[in-house]
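**Student:** Let me begin by handing over the structure; questions about it come next.
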Amino acid sequence: MEANTRSTGRLPAAFLTPGSSSFMDFLGAHSPQLLPGNRPLPPAGAIEAPHGTTIVAASFPGGVVLAGDRRATMGNVIAQRDIEKVFPADEYSAVGIAGTAGLAVEMVKLFQLELEHFEKVEGVQLSLEGKANRLSTMIRGNLGMAMQGLAVVPLFAGWDVDRQKGRIFSYDVTGGRSEEHGFAATGSGSVFARGSLKKLFRENLTESQTTTLVVQALYDAADDDSATGGPDLARRIYPIVTVITDEGFRKLTEAQCSEIVRAIHDRRLEEPDGPRAALL
Amino acid sequence: MSTPFYVSPQQAMADRAEYARKGIARGRSVVVLQYTDGVVFVAENPSRALHKVSEIYDRIAFAAVGKYNEFENLRIGGVRYADLRGYTYDRDDVTARGLANVYAQTLGTIFSSAAEKPYEVELIVAEVGAGPEDDQIYRLPHDGSIVDEHGSVAVGGNADQISSYLDQRHRDGMTLAEALKLAVESLTRDNNGGERTLTAEQLEVAVLDRTRPQQRKFKRLLGRQLSRLLDGGTAPADSEETEADTDESDSTEG
């Protein structure tokens, strides 16, 4: 498997075969056992593994915001209260994951590498559509696991360099991909988050308003879904909020998140259900 | 008539080495220099698409001269090797030493195998460390040997002359503009002592910059940024040294 364990120590043929710019294709040719989709499925029956929960995204005129709560649950137990579920995929895109945490983190790692590998081999980045399609293929590869209850359902957001706008893609467990306009949510709390986003989202929000919007949505999701973690002011665990603009990917610092969360929290001490939308 | 001629092993190897060297000497040179914040790669290359200098991994870059299809093949092999190693273990476990080793084995095996023609390439693999003393530069000639280089190195057509020019003038702690200026000066010197001029359009310049906040330290210097650095570096070449210093400090700010 390792290049230098071969008898002569030279690079094995698969390394020097021209043609593919995909790391997954190379992995499939050289060490297929390392590809997540090629592993034997676990025997039928539920496996208890930590699950990540709610991810939300919303676009604004100069970019897109992707955010996630910090809770991982295993049945009715909180498996981890400070898990990070939103990752940069490359300079201009990010991926947030809901579902089986272990598999999801591996999928993100491979996805990041796939994009980086293409960029290094070809000298240019994949188009945003191309990136979204690659992720689709990876989710489809996990279908066997998904049918055993170990699904991974990500949300993908990025800045489209060609069209000069932020775009959001959501997926189902079979790898079906659909572009979302404005906002999207995935995971167990997504029903509540989407309801909240629907009432609060407007086309012309600024970047800072959009970050507040997604935290509001996560707050509402945590309010009604036990598997979604709300901001933990005592432990200083705040949602992960990332912003992607034409300047690239940026993760909000803890201080910035804290400021947003505290502002929302203070308002909710007076109005526990959050801001009210107009009736008509 | 069907009996093959006897060729002594020494002669066979010398012929193969001669063949490879001639191929390499046809191309333009690439120089690699250390500066305070990293390692700079400068190649004479009018093409914007066919690169002689490329990123391999976070802190590792690659430069090559010779036959394009052969070194491109090795480059992709190196990217695959590094990405696989980083995926299997950790990103920190990918090192220039490991990569140089694999390249040396590959080139060496091909060079001494009678079934294959020797590769007409010479490679440089460089890794930028936490400080200048941790930087590593390896030169890999066509026959599979590895040379551990310090400060500056040149490969390609006019390598010997350029190397000695660089050795005399390169010093530790140069700024990027100073190192770039020296690199371009060395490349403009002709075989027969004449001088040519090289513009930003004819140069391919990239750096491994240890001060870059991103995990991936490789960066190409393109267009205006390169012209600005070159102007700052080359304009005062014929004037006195103090003036050169001030101009360079200006250009590094920009």
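**Student:** Looking at B:ASP135, is it farther than 20 Å from B:VAL39 by Cβ and either touching a Leu at 6+ places or on another chain (Cβ under 7 Å) or more than 14 Å from every other protein chain (Cβ to nearest Cβ) (or both)?
**Tutor:** Considered against the rule, which asks whether it is farther than 20 Å from B:VAL39 by Cβ and either touching a Leu at 6+ places or on another chain (Cβ under 7 Å) or more than 14 Å from every other protein chain (Cβ to nearest Cβ) (or both), B:ASP135 comes out as no.
**Student:** Right, here's the next one. Run down A:LEU205, A:LEU213 and say which single residue is surrounded by 20 or more Cβ atoms within 10 Å (Cβ to Cβ), under 26 Å from A:LEU128 (Cα atoms) and touching a helix residue (DSSP H, G or I) at 6+ places or on another chain (Cβ under 8 Å).
**Tutor:** Being surrounded by 20 or more Cβ atoms within 10 Å (Cβ to Cβ), under 26 Å from A:LEU128 (Cα atoms) and touching a helix residue (DSSP H, G or I) at 6+ places or on another chain (Cβ under 8 Å) holds for just one of A:LEU205, A:LEU213, which is A:LEU213.
**Student:** Find the strands (runs of 3 or more DSSP E) located wholly in segment A:167-262 whose residues include 2 or more that are under 20 Å from A:VAL64 (Cβ atoms) and not hydrophobic (A, V, I, L, M, F, W, C), and list them.
**Tutor:** The strands (runs of 3 or more DSSP E) meeting that bar are A:177-180, A:240-245, A:248-251.
**Student:** Need the failing condition index for B:LEU99 against (1) buried (at least 21 other Cβ atoms within 10 Å of the Cβ); (2) touching a Leu at 6+ places or on another chain (Cβ under 9 Å); (3) of a type outside the set (Ser, Thr, Tyr); (4) within 11 Å of another protein chain (Cβ to nearest Cβ), just the number.
**Tutor:** That leaves (2) as the condition not met.
**Student:** List pairs: first in segment B:150-166 and at negative phi, second surrounded by 20 or more Cβ atoms within 10 Å (Cβ to Cβ) and among the charged types (D, E, K, R), Cβ under 8 Å, 6+ apart or cross-chain?
**Tutor:** B:VAL153/B:ARG139; B:VAL155/B:GLU122; B:VAL155/B:ARG139; B:ALA159/B:GLU122
**Student:** Please determine whether any residue of segment A:140-147 is modelled with pLDDT under 95, under 23 Å from A:VAL215 (Cα atoms) and in contact with a strand residue (DSSP E or B) (Cβ under 7 Å, 6 or more places away or on another chain).
**Tutor:** no
**Student:** Hey, A:LEU115 hits all of (1) crowded, with 21+ Cβ neighbours inside 10 Å; (2) touching a Pro at 6+ places or on another chain (Cβ under 7 Å) but one; which does it fall short on?
**Tutor:** Of everything listed in (1) crowded, with 21+ Cβ neighbours inside 10 Å; (2) touching a Pro at 6+ places or on another chain (Cβ under 7 Å), A:LEU115 misses just condition (2).
**Student:** Another question, if that's okay. Hey, which of the strands (runs of 3 or more DSSP E) in segment A:1-99, taking only ones fully inside, have at least 1 residues that are within 11 Å of chain B (Cβ to nearest Cβ) and at pLDDT 90 or above?
**Tutor:** Passing ranges, in order: A:86-90.
**Student:** Check off (1) surrounded by fewer than 18 Cβ atoms within 10 Å (Cβ to Cβ); (2) more than 9 Å from chain A (Cβ to nearest Cβ); (3) more than 18 Å from A:GLU122 (Cβ to Cβ) for B:TYR68 and give me the number that stays unchecked.
**Tutor:** B:TYR68 satisfies all of (1) surrounded by fewer than 18 Cβ atoms within 10 Å (Cβ to Cβ); (2) more than 9 Å from chain A (Cβ to nearest Cβ); (3) more than 18 Å from A:GLU122 (Cβ to Cβ) except (3).
**Student:** For segment B:41-53, indicate whether the set of residues that are facing chain A (nearest Cβ under 10 Å), at pLDDT below 95 and within 16 Å of the chain's Cα centre (by Cα) is non-empty.
**Tutor:** Looking for residues that are facing chain A (nearest Cβ under 10 Å), at pLDDT below 95 and within 16 Å of the chain's Cα centre (by Cα), one finds at least one in segment B:41-53, hence yes.
**Student:** Condition test on B:ALA115, is it without any contact (Cβ under 8 Å) to a residue 60 or more places away in the chain and either surrounded by fewer than 21 Cβ atoms within 10 Å (Cβ to Cβ) or within 14 Å of B:LEU208 (Cβ to Cβ) (or both)?
**Tutor:** For B:ALA115, the condition - without any contact (Cβ under 8 Å) to a residue 60 or more places away in the chain and either surrounded by fewer than 21 Cβ atoms within 10 Å (Cβ to Cβ) or within 14 Å of B:LEU208 (Cβ to Cβ) (or both) - is met.
**Student:** Let me ask another. Would you check which residues across segment A:100-128 are without any contact (Cβ under 8 Å) to a residue 24 or more places away in the chain and either in contact with a helix residue (DSSP H, G or I) (Cβ under 9 Å, 6 or more places away or on another chain) or more than 14 Å from every other protein chain (Cβ to nearest Cβ) (or both) and list them?
**Tutor:** Of everything in segment A:100-128, those that are without any contact (Cβ under 8 Å) to a residue 24 or more places away in the chain and either in contact with a helix residue (DSSP H, G or I) (Cβ under 9 Å, 6 or more places away or on another chain) or more than 14 Å from every other protein chain (Cβ to nearest Cβ) (or both) turn out to be A:LYS109, A:LYS120, A:VAL124, A:LEU126.
**Student:** Still on this model: Is it the case that B:ILE137 is under 17 Å from A:LEU113 (Cβ atoms) and either at pLDDT below 95 or among the hydrophobic types (A, V, I, L, M, F, W, C) (or both)?
**Tutor:** Spelling it out, it is not the case that B:ILE137 is under 17 Å from A:LEU113 (Cβ atoms) and either at pLDDT below 95 or among the hydrophobic types (A, V, I, L, M, F, W, C) (or both).
**Student:** I've got another one for you. Give the residue, chosen from B:ILE110, B:ILE56, B:ILE76, that is more than 30 Å from A:MET107 (Cα to Cα) and at the interface with chain A (Cβ under 9 Å from one of its Cβ atoms).
**Tutor:** B:ILE110
**Student:** Restricting to segment B:159-182, and then to whatever is of a type outside the set (Gly, Ala, Ser) and surrounded by fewer than 18 Cβ atoms within 10 Å (Cβ to Cβ), can you tell me which residue is nearest to B:TYR103 (Cα to Cα)?
**Tutor:** So, considering only residues that are of a type outside the set (Gly, Ala, Ser) and surrounded by fewer than 18 Cβ atoms within 10 Å (Cβ to Cβ), the one nearest to B:TYR103 (Cα to Cα) is B:ASP160.
**Student:** Determine if segment B:213-225 includes at least one residue that is in contact (Cβ under 8 Å) with a residue 60 or more places away in the chain and farther than 30 Å from B:ASP83 by Cα.
**Tutor:** no
**Student:** Here's another thing I want to ask about it. Name the pairs whose Cβ atoms lie under 7 Å apart, with the first residue in segment A:28-54 and within 23 Å of A:THR137 (Cβ to Cβ), the second surrounded by fewer than 12 Cβ atoms within 10 Å (Cβ to Cβ) and of a type outside the set (Phe, Trp, Tyr), and 6 or more positions between them or separate chains?
**Tutor:** Hits for this filter: A:SER31/A:MET1; A:ASN38/A:PRO32.
**Student:** Condition first: within 14 Å of chain A (Cβ to nearest Cβ) and either assigned to a strand (DSSP E or B) or within 23 Å of B:ALA159 (Cβ to Cβ) (or both). Now tell me which residues in segment B:113-123 satisfy that.
**Tutor:** Within segment B:113-123, B:PRO118, B:TYR119, B:VAL121, B:LEU123 meet the criteria.
**Student:** Another question, then. With the requirement that a residue be part of a loop (DSSP other than H, G, I, E, B) and either under 13 Å from B:TYR103 (Cβ atoms) or not aliphatic (A, V, I, L, M) (or both), what does segment B:124-139 give you?
**Tutor:** Of everything in segment B:124-139, those that are part of a loop (DSSP other than H, G, I, E, B) and either under 13 Å from B:TYR103 (Cβ atoms) or not aliphatic (A, V, I, L, M) (or both) turn out to be B:GLY129, B:GLY131, B:ASP135.
The values are calculated or read from the model by the stated rules, or taken from the named source; none is laboratory data. Since the structure is predicted, the reported quantities are computational estimates derived from the model, not experimental observations. Every residue, glycine among them, receives a Cβ derived from its backbone with ideal geometry; neighbour counts consider all protein chains shown.
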